[in-house]
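Peer 1: Can you read through this structure? Questions will come right after.
What follows draws every value from the coordinates through simple rules; no lab data is involved. What you are looking at is a predicted structure, and each value in this text was computed from that prediction instead of being measured. Glycine also receives a Cβ, built like all others from the backbone with ideal geometry; neighbour counts cover every protein chain displayed.
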Amino acid sequence: MQLFVLNYARPAEQLEVSTPYSYDCGQQLNVLPGGRIAAHDHAVMREFGATTSTAGSKTHFDD
């Protein structure tokens, strides 16, 4: 027997997103190409809402 909801369940759509920052293992936070901390850049924070770290948990925020 299959649950009714499984007839309508679909996998989450993966969006292709390009961010202007990358994770720096030494500082353990996201940095911009020039080396500045991404969470200190107000334009980045307005555009992306938060700088989600890719180190470990996806719920960790550097802001």
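Peer 1: Ranking request for peptides 11-21, 26-36: highest mean number of other beta-carbon atoms within 10 Å first, then the rest in descending order.
Peer 2: The packing order, highest mean first, is 26-36, 11-21.
Peer 1: Assuming R0 = 35 Å, can you tell me the calculated FRET efficiency for the pair Glu47 and Val5, based on Cβ-Cβ distance, to the nearest 0.05?
Peer 2: It comes out at approximately 0.50.
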